[in-house]
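Engineer: Structure below; questions to follow.
The values are calculated or read from the model by the stated rules, or taken from the named source; none is laboratory data. Everything numeric in this text was worked out from a predicted model, so none of it was measured. No Cβ is skipped: glycine too gets one built from the backbone with ideal geometry, and neighbour counts run over all protein chains shown. When the accessible area is computed, the model is the full protein with side chains, heavy atoms only, and any ligands, DNA or RNA have been set aside. Shrake-Rupley method; radii C 1.70, N 1.55, O 1.52, S 1.80 Å.
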Amino acid sequence: MKFIDLRSDTVTTPTPKMREAMFSAEVGDDVYGDDPTVRELEELAAQRIGKEAALFVPSGTMGNQLALMTHTQRGDEVILGEDCHIFKYEVGAPAVLSGVQLRGLKTNGGMMDLEEVKAAIRPNDIHMPRTSLICLENAYSSGEVVPLHYLEKIREIAESHGLKIHLDGARIFNAAIYLGVDAREIARYADSVMFCLSKGLSAPVGSILAGSREFVEKARKYRKLLGGGMRQAGILAAAGMVALKEMVDRLCEDHENALYLAQKLINLGFEVDLKKVQINMVWARAKSHLNIEDLPEKLLAEGIKINPPINGLFRFVTHKDVTKGDIDKFVEILAKTMQVGEQV
Ligand SMILES: *Cc1c(COP(=O)(O)O)cnc(C)c1O
């Protein structure tokens, strides 16, 4: 059965081109530095994101955690948004792996207040942790995109206090499309950047961590420490190459489909803040007259996968395996399931 899966863009399956590239990939032992396809991907990725070097990693989480391990020392403090992925969804890894303390600040539109960031930087005091890193996220987990002028301000603050910046750019290409700039224009404000090949770009596995040559070589050693040294990984890197070369420009279709879905949900009686539909994510709250009891289970029986709502808020994610026709079908079944007519 083919499902319409709106849970996340991580569910995207590799394209036929990716499978062909994987089939015929030239490989070697990448721990020896012998895999030509991994090397090619790392070079292409570095160039595509405007950094000296890049490292192919099994997951975005590992990429982020390697950045923390590489930029910080035990006992340091890291400033970041309290609802960002590193803070909320990486299993407390910063404490376990890097031995750092996180200082989570409130965010608005994916942005921490600049004055609060400045105030959070620790003075040089024998009692206090050393602040060494600021983590940003763009696009933010909320689906909102952080503007370049904000990144510039954070960069100024970081530089004037000798701090590094790591950017969690899991969806940096979505952010770049929304801003109408090249992804390098976002990445340039950060010392290191992670982005995912396995989300909207549809590769089966893998993320990239990029930065200076020195940074990447240190991170490579930590990747081995974590057990992330992969052998004939060119099989996976081959799909990553296709992702970078062919799947970036089409992300705008996912953004258009998200807006299309958002409008249909509004017609159905959901509350959606259209200003916040900036990439491929729609957050929707059902008005009280809608019957959303057991909605994920009911839709599953109709071949549709959605996540349960969090505090009454549903998140729907569009991606290359969801067509406009799928959205029409989803909305039709949704209306039937909730027993409402679509008001046009
Ligand atoms: C998905 C995601 C990650 C982590 O990626 P995994 O490959 O799932 O570990 C990190 N940051 C953000 C913002 C993400 O959306």
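Engineer: Give me the residue from segment 25-40 that is without any contact (Cβ under 8 Å) to a residue 60 or more places away in the chain and loosely packed, with under 14 Cβ neighbours inside 10 Å and, out of that set, farthest from the ligand (Cβ to nearest atom).
Structural biologist: Of the residues in segment 25-40, the ones without any contact (Cβ under 8 Å) to a residue 60 or more places away in the chain are 32-34, 39.
Remaining after also requiring loosely packed, with under 14 Cβ neighbours inside 10 Å: 32-33.
Numbers: TYR32: 25, GLY33: 24 Å.
Ranking the qualifying residues of segment 25-40, first place goes to TYR32.
Engineer: Are there any pairs with C-beta distances below 8 angstrom linking a residue in segment 221-240 that is more than 18 Å from THR37 (Cα to Cα) to a residue that is among the hydroxyl-bearing types (Ser, Thr, Tyr), with the two at least 6 apart or on different chains, and if so which?
Structural biologist: Short answer, once both residue conditions are applied: TYR222/THR70.
Engineer: Of all residues in segment 45-65, which are over 27 Å from GLU90 (Cα atoms) and buried (at least 17 other Cβ atoms within 10 Å of the Cβ)?
Structural biologist: Result: no residue meets the conditions.
Engineer: Select from segment 172-185 the residues that are out of contact with any Asp or Glu (no Cβ under 7 Å at 6 or more places or on another chain) and open to solvent by less than 30 Å² (accessible area, probe 1.4 Å) and write down the one among them that is farthest from the ligand (Cβ to nearest atom). Step through it out loud before you land on a result.
Structural biologist: From segment 172-185, those out of contact with any Asp or Glu (no Cβ under 7 Å at 6 or more places or on another chain) are 172-175, 177-185; that's our starting set.
Next, from what is left, pick out any that are open to solvent by less than 30 Å² (accessible area, probe 1.4 Å): 172-175, 183.
Working: ILE172: 10, PHE173: 13, ASN174: 10, ALA175: 10, ALA183: 15 Å.
Among those that are out of contact with any Asp or Glu (no Cβ under 7 Å at 6 or more places or on another chain) and open to solvent by less than 30 Å² (accessible area, probe 1.4 Å), it is ALA183.
Engineer: Just to check your reading of the model, which residue among ILE49, ILE126 is among the β-branched types (Val, Ile, Thr), out of contact with any Leu (no Cβ under 9 Å at 6 or more places or on another chain), in the same structural domain as SER192 (by TED's automatic domain parsing) and away from the ligand (no atom under 16 Å from the Cβ)?
Structural biologist: On the way: ILE49 fails: away from the ligand (no atom under 16 Å from the Cβ).
One residue alone meets the criteria, ILE126.
Engineer: Output the qualifying pairs, or none if there are none: Cβ atoms under 7 angstrom, residues six or more apart or on different chains, first residue in segment 9-22 and within 17 Å of ALA237 (Cβ to Cβ), second residue within 16 Å of the ligand (Cβ to nearest atom) and open to solvent by 40 Å² or more (accessible area, probe 1.4 Å).
Structural biologist: PRO14/PRO204
Residue-by-condition table, conditions (1) outside the structural domain of TYR178 (by TED's automatic domain parsing); (2) part of a loop (DSSP other than H, G, I, E, B); (3) within 30 Å of ARG48 (Cα to Cα); (4) not β-branched (Val, Ile, Thr):
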site: HIS255; (1), (2), (3), (4): yes, no, yes, yes
site: LEU261; (1), (2), (3), (4): yes, no, no, yes
site: LEU265; (1), (2), (3), (4): yes, no, no, yes
site: GLU297; (1), (2), (3), (4): yes, no, no, yes
site: PHE316; (1), (2), (3), (4): yes, no, yes, yes
site: VAL322; (1), (2), (3), (4): yes, yes, yes, no
site: ILE327; (1), (2), (3), (4): yes, no, no, no
site: VAL331; (1), (2), (3), (4): yes, no, no, no
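Results for (1) within 16 Å of the ligand (Cβ to nearest atom); (2) open to solvent by 10 Å² or more (accessible area, probe 1.4 Å); (3) closer than 11 Å to GLY211 by Cβ, shown as yes or no for each residue.
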{"position": "GLU42", "(1), (2), (3)": "no, yes, no"}
{"position": "ALA67", "(1), (2), (3)": "yes, no, yes"}
{"position": "THR72", "(1), (2), (3)": "no, yes, no"}
{"position": "ILE79", "(1), (2), (3)": "no, no, no"}
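Engineer: Would you please list the contacts, defined by Cβ atoms under 7 Å and residues six or more apart or on different chains, that run from a residue in segment 88-108 that is within 16 Å of the ligand (Cβ to nearest atom) to a residue that is in a strand (DSSP E or B) and open to solvent by 30 Å² or more (accessible area, probe 1.4 Å)?
Structural biologist: Every condition considered, the pairs that remain are PRO94/LEU102.
Engineer: Yes or no: segment 279-288 includes at least one residue that is over 22 Å from LYS199 (Cβ atoms), in a helix (DSSP H, G or I) and among the charged types (D, E, K, R).
Structural biologist: no
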